[in-house]
Amino acid sequence: MADDQPMWGNNQAVAPTPGAAIIAVDLGDNFTVKGHHLSMIKDRQFDGRSRADPHKYIAEFVGVCGMFRYGDTNADAIKLKLFPSSIAGEAKIWFNELCPCMITT
């Protein structure tokens, strides 16, 4: 497989519903991600190409998310909120084709 090819085949027949795979967690009306935290996430986006290591990516994502806290807000809820912003390219296409509400943690 060439380095610029996605890791998975494009054989799903699910219509994409962007962001629907993650069950929405209510973080309150006053919750906002700080700009520099979002930049840290977006600067390390996973694109799903064959040279990319998804296990290493997840470990780095969890590590970056662990560097900041938002008061008493649940850390897993913040990760769920940030995850869609941390992927791009083929990984984002794959994510958007997942069945609705399949990611809960």
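A few remarks follow.
- Amide hydrogen proximity for Ile103: with H placed 1.01 Å from N in the peptide plane, the residues at 5 or more positions away or on another chain lying under 5 Å are Ile22, Ile23.
- Interchain or long-range residues, amide H under 5 Å from Phe46's placed H: Ile87, Ala88
- Inter-label distance, nm, simple model (7 Å from Cα along the C-beta direction), Thr104/Asp29: 2.9
- Residues of the stretch 31-61 with an amide N closer than 14 Å to a point placed 7 Å from the Cα of Ala75 along the Cα-to-Cβ direction: 59-61.
- Karplus (6.51, -1.76, 1.60) ³J(HN,Hα), θ = phi - 60°, over the stretch 40-57, in Hz, Gly and Pro reported as x: 4, 6, 5, 5, 10, 4, 9, 9, x, 6, 5, 7, 6, 9, x, 5, 5, 4
Every read-out reported here was derived from the displayed coordinates using simple, explicitly stated rules and does not represent laboratory data. Note that the coordinates shown come from a computational prediction; the quantities given were computed from them, not determined experimentally. Virtual Cβ from ideal backbone geometry, glycine too; neighbours counted across all protein chains shown.
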